[in-house]
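Asks: Once you've had a glance at the structure underneath, I'll fire off some questions.
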Amino acid sequence: MEFTLNVNPDTQAIAFIDQVMENYTELYNLPYKRELRFVVHELVINAVEAMGKINTPAQKEIQIQVTQSNEEIKITVTDEAKGIDEKDWDKVLQFDLDKFDYADRGRGLFFVKNMVDHIWFENISETKFLVGISKKIHL
């Protein structure tokens, strides 16, 4: 099973992806339904926010790709924003309660990391950034 969705970087896309993931995880009766939906939700929000910080005349998209085998599910979210500097990849996956300021954002990738088996980043180009996750599902 594999599918790819291309969506505009806006709040409607977040709601749409949430609904698609809910339907998909229910239809295929996947284990970890809530965790998978949370993970994709956080990754799409991050992509929407990143693209909201750039000014570009062309319409850009976020691409969500889901690949499922009998053993695992892989999900990638690619946006057309600069992304995270490679030197900061480990840092964004950490969370320090001593420095916690109760801000709305900044914890998502930490939670994602702890809900999946593997997370990775890829700077595809100066304007394309990919976050990928994999989770064993043992169907």
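The values are calculated or read from the model by the stated rules, or taken from the named source; none is laboratory data. If you're wondering where the values come from, they're calculated on a predicted model, not measured in any experiment. With ideal geometry, Cβ positions are generated from the backbone for all residues, glycine too; neighbour counts draw on all protein chains shown. Side chains are part of the model used for accessible areas, which takes the heavy atoms of the whole protein and leaves out ligands, DNA and RNA. Shrake-Rupley method; radii C 1.70, N 1.55, O 1.52, S 1.80 Å.
Asks: Using a Förster distance of 30 Å, how high is the FRET efficiency between K128 and R34, based on the Cβ-Cβ distance and rounded to 0.05?
Replies: It comes to 0.50.
Asks: Also: Using mean Cβ contacts within 10 Å as the protection proxy, how do 40-49, 71-80 order, highest first?
Replies: 40-49, 71-80
Asks: Okay, which of the range 21-58 sit inside 18 Å, backbone N to the point 7 Å along the Cα-Cβ direction of A15?
Replies: Inside the label zone: 21-23, 41-42, 44-46, 48-49.
Asks: Just list whichever of K60/K113; K33/K135; K91/K135 have alpha carbons separated by over 18 Å in the model shown.
Replies: K60/K113; K91/K135
Asks: What do you reckon, how do Y32, Y24 stack up by accessible area (1.4 Å probe), largest on top?
Replies: Y32, Y24
Asks: Please report the accessible area of D117 (heavy atoms, 1.4 Å probe, ligands and nucleic acids excluded) in Å², nearest 10.
Replies: 90 Å²
Asks: To continue, here is another question. Can you tell me what the convex hull of the Cα atoms of the chain projects to on average, as an area in nm²?
Replies: That works out to 8.7 nm².
Asks: Which percent of the accessible heavy-atom area of the chain goes to carbon and sulfur, probe 1.4 angstrom?
Replies: In the chain, the share of accessible area belonging to carbon and sulfur is 48 percent.
Asks: Additional query: Roughly speaking, what is the stretch gain from N6 to S69, that is 0.36 nm per residue apart minus the C-alpha to C-alpha distance, in nm to one decimal?
Replies: Contour length minus Cα-Cα distance gives 20.5 nm.
Asks: For a quick protection proxy, order the peptides 119-126, 16-23 by their average other-Cβ count within 10 Å, most packed first.
Replies: For the peptides 119-126, 16-23, the packing ranking is 16-23, 119-126.
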